[in-house]
Amino acid sequence: MRSQRFGTAASAALCLVLLVLFPLGVFLTASAQAAPDYDALVHQGNAQLQAGNNDLALATANSATKLNGDRWEAYALAGGALMNLKRYEEAADDFSKAIDRAPEAKQTGLRDLRRKCLLAETGVTPAPAPAIPNPSSTETSQAEIVLWKTIENSTSPDDFKTYLQTYPNGAFAPLAKHHLDLFEQQAKSAAEAEEKQRLAQAHLAVLHIYRPNKTVACAIDAELFIDEKPTAQIVVGTLQTLALSEGKHSFFAGEKLKSGEVQFFDLQGGKEYWLRVEMIGGLWAPHGSIAMVPQKQAQDEAPKDPGKC
């Protein structure tokens with residue numbers, strides 16, 4: 001008879017359980033130290049609790065506390081499920097554990113839930129919780145305020161979409177729509193920046209420069225000059241990659257830039273090239289030999305032992 005007497009009061013108190021727990025997803029992301037599985041379990045248990053699957057919600061909450069016993073959400077979830085199951089003493093114990101671990105802003109609501117459990121357990125009829133107005137009501141409900149406070153600084157568009165789905169005519173609907181407009185503008189700006197970067201890269205040619213190990217005069221240093229500027233020291237057995245603007249460029253390899261030994265290559269943006277550099281010994285001075293080679297040849301001659309002839 002006692003459980004029947006307090007059924008209505010417990011159902012009313014469920015509104016407070018959901019106010020404390022909903023939406024868990026926003027609170028869960030605030031703790032960087034918890035394992036991701038904990039957050040997923042509590043989110044799943046909260047959905048089960050709201051759907052009326054109290055036994056499943058309790059089992060899920062217990063699994064979450066085993067993963068992380070230092071956080072409060074799973075204990076609050078277990079307390080809500082036990083309260084719905086009219087196991088008030090156990091519910092009060094779990095709410096106490098949640099209070100010990102919860103931030104100060106959450107403790108008031110949890111204490112009220114624990115008080116209702118203790119009153120129900122001792123046979124004293126608790127005062128009924130105020131009814132939550134329909135979301136479409138012109139009066140802003142406590143549930144709507146709690147939901148908004150949990151998401152107003154969110155960086156996820158989905159949070160504001162969820163709010164608008166729940167409260168399409170809510171007091172904060174204009175603000176939620178404004179947030180979504182900002183997110184859309186940010187996404188558009190990011191897409192435009194990405195496209196500009198893609199177009200910029202499309203006008204760049206990728207140049208792979210290598211000097212094989214088994215070459216004549218491999219002990220001689222080779223400086224690579226591109227457009228008459230020293231660009232890279234080409235060591236035997238090394239591979240270097242550069243990005244050059246599309247168009248015609250001059251190339252020279254040797255100990256110093258010498259006129260008359262410069263080669264020109266016309267590079268196309270968005271394409272890859274393989275430049276083979278080799279030093280050839282001469283009577284007076286060594287000189288460089290440069291050639292654009294097919295990718296397969298470059299891969300076959302790919303350097304393996306830097307600095308070794």
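Here Ala171 meets the list (1) modelled with pLDDT under 85; (2) small (Gly, Ala, Ser); (3) not in a helix (DSSP H, G or I) almost entirely, failing just condition (1). Reported count of residues in the stretch 41-94, each being over 14 Å from Leu110 (Cα atoms) and of a type in the set (Gly, Ala, Ser), is 10.
With Gly247, Gly254 as the choices, which residue is out of contact with any Ser or Thr (no Cβ under 9 Å at 6 or more places or on another chain), assigned by TED's automatic domain parsing to the domain that holds Gln268 and modelled with pLDDT under 85? Testing whether each residue is out of contact with any Ser or Thr (no Cβ under 9 Å at 6 or more places or on another chain), assigned by TED's automatic domain parsing to the domain that holds Gln268 and modelled with pLDDT under 85 leaves just Gly254. Within the set Ala59, Ala51, the sole residue that is modelled with pLDDT under 90 and not polar (S, T, N, Q) turns out to be Ala51. Residues in the stretch 257-293 that are of a type in the set (A, V, I, L, M, F, W, C), at pLDDT below 75 and farther than 14 Å from Phe225 by Cβ: 4 in all. Of everything in the stretch 217-244 that is assigned to a loop (DSSP other than H, G, I, E, B) and out of contact with any Pro (no Cβ under 9 Å at 6 or more places or on another chain), the residue that is modelled with the highest pLDDT is Asp227.
The values are calculated or read from the model by the stated rules, or taken from the named source; none is laboratory data. Keep in mind that what you see is a predicted model, and the values were worked out from it rather than measured. All Cβ positions, glycine included, derive from the backbone under ideal geometry; neighbour counts span all protein chains shown.
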